[in-house]
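In what follows, a structure is listed as structure tokens, so that the remarks can point back to it.
The values are calculated or read from the model by the stated rules, or taken from the named source; none is laboratory data. If you're wondering where the values come from, they're calculated on a predicted model, not measured in any experiment. Neighbour counts run over all protein chains shown; Cβ positions are idealised from the backbone, glycine included.
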Amino acid sequence: MNDNYSYTFGKKVYDLSARTHVMGVLNVTPDSFSDGGKYYNTEDAVKRGREIEAEGADFIDIGGQSTRPGADEVSAEEEAKRVIPVIKALAAEVKIPISVDTYRASVADAALEAGAVMVNDISAFGFDSEMAATIAKHNASAVAMHIKGTPKDMQKDPRYDDVMAELIQYFENAAWKANVAGIKQVIFDPGFGFGKNIEHNLTILKNLGDLKRLDSPIMVGFSRKSMIGKILEIDDVHDRHEGTITLNTIAVLNGAHIIRVHDVKEGVRTARMLDAYRNS
């Protein structure tokens, strides 16, 4: 089993196993659950992208469609219209790798042409049959996330016989698709909150180490998620810092390599403290 995940993202080479890496979220949407509308304007989004780099993130993940529970789809044209100008502008300015958060091959293709070097696909190549080939064509990296259902219906009574067994089987299938297409670098994301209730989420978190058998880096996304709000009885998504930090800490100690966060400064500080502890 490989313990050295030295991955190349454009001009950057990261040893993902050497320290905890941080992906900063940049939603160019009017309706994302956490920051919808805040960076909908291209100029505001580019400014936030610069801030994400300055705050110490290793990646910027740019999305143009909300995937919150119950979210309606927007057209591929509208999604591309939102993200491509931001990606083009930031690719010319920032030194850290840019990821595009999309499950559409056409949007991924345009984003990779514009300067992105990674695709974060919530469906692990499942929603668009051309996605894996598109990523491979650009020699780009992929984040393959687990989801049960679609954003529209995923939280309507999700059920599993064995959630960990289903995750592993799902990721093994995604790895096969990536290998057939020729994608050389894949990162897996268990998809906390994507077709999972609190019990499922906590079971995955507790058993995150089981995913080591996949022999790929693991990314987690807990930032401001509804499970935090439900456990702590906090409705305000901007008041979930402690819950986010706690879950990210447990995930890293259980084997996660990348944490995906909205609050980058806090995420970077969390990562540094964890790395100091693990390296002591």
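Among the numbered conditions (1) over 23 Å from GLY255 (Cα atoms); (2) touching a residue at least 24 places away in the same chain (Cβ under 8 Å), the only one that LEU232 does not meet is (2).
Whether any residue in segment 139-147 is farther than 18 Å from VAL220 by Cβ and either under 18 Å from the mean Cα position of the chain (by Cα) or hydroxyl-bearing (Ser, Thr, Tyr) (or both) is what I want to check. Can you show your working first?
In the first step, residues of segment 139-147 are kept if they are farther than 18 Å from VAL220 by Cβ; the result is 139-140.
The next check asks that each one be either under 18 Å from the mean Cα position of the chain (by Cα) or hydroxyl-bearing (Ser, Thr, Tyr) (or both); those that pass are 140.
Yes, some residue in segment 139-147 is farther than 18 Å from VAL220 by Cβ and either under 18 Å from the mean Cα position of the chain (by Cα) or hydroxyl-bearing (Ser, Thr, Tyr) (or both).
If I filter segment 88-110 for residues that are surrounded by fewer than 21 Cβ atoms within 10 Å (Cβ to Cβ), over 28 Å from ALA174 (Cα atoms), basic (Lys, Arg) and at pLDDT 95 or above, do I get at least one hit? There is at least one residue in segment 88-110 that is surrounded by fewer than 21 Cβ atoms within 10 Å (Cβ to Cβ), over 28 Å from ALA174 (Cα atoms), basic (Lys, Arg) and at pLDDT 95 or above.
Filtering segment 140-172 to residues that are out of contact with any strand residue (DSSP E or B) (no Cβ under 7 Å at 6 or more places or on another chain) and either at positive phi or aromatic (Phe, Trp, Tyr) (or both) leaves GLY149, ASP157, TYR160, TYR170.
Please verify whether GLU242 is buried (at least 16 other Cβ atoms within 10 Å of the Cβ), assigned to a helix (DSSP H, G or I) and over 16 Å from the mean Cα position of the chain (by Cα), treating the condition exactly as stated. No, not satisfied. Among the residues of segment 161-195, how many are at pLDDT 95 or above, in a loop (DSSP other than H, G, I, E, B) and buried (at least 17 other Cβ atoms within 10 Å of the Cβ)? Within segment 161-195, residues that are at pLDDT 95 or above, in a loop (DSSP other than H, G, I, E, B) and buried (at least 17 other Cβ atoms within 10 Å of the Cβ) number 5. For segment 53-72, the criterion of being surrounded by 18 or more Cβ atoms within 10 Å (Cβ to Cβ), hydroxyl-bearing (Ser, Thr, Tyr) and at pLDDT 95 or above is satisfied by no residue at all. Being among the charged types (D, E, K, R) and touching a residue at least 40 places away in the same chain (Cβ under 8 Å): is that true of LYS225 here? Against the criterion (among the charged types (D, E, K, R) and touching a residue at least 40 places away in the same chain (Cβ under 8 Å)), LYS225 does not qualify. As a summary of the residue check, SER280 satisfies the conditions (1) over 19 Å from GLY209 (Cα atoms); (2) not in a loop (DSSP other than H, G, I, E, B) except for the one numbered (2). Before we move on, is ALA271 farther than 28 Å from ASP161 by Cα, among the aliphatic types (A, V, I, L, M), crowded, with 22+ Cβ neighbours inside 10 Å and under 17 Å from the mean Cα position of the chain (by Cα)? Against the criterion (farther than 28 Å from ASP161 by Cα, among the aliphatic types (A, V, I, L, M), crowded, with 22+ Cβ neighbours inside 10 Å and under 17 Å from the mean Cα position of the chain (by Cα)), ALA271 qualifies.
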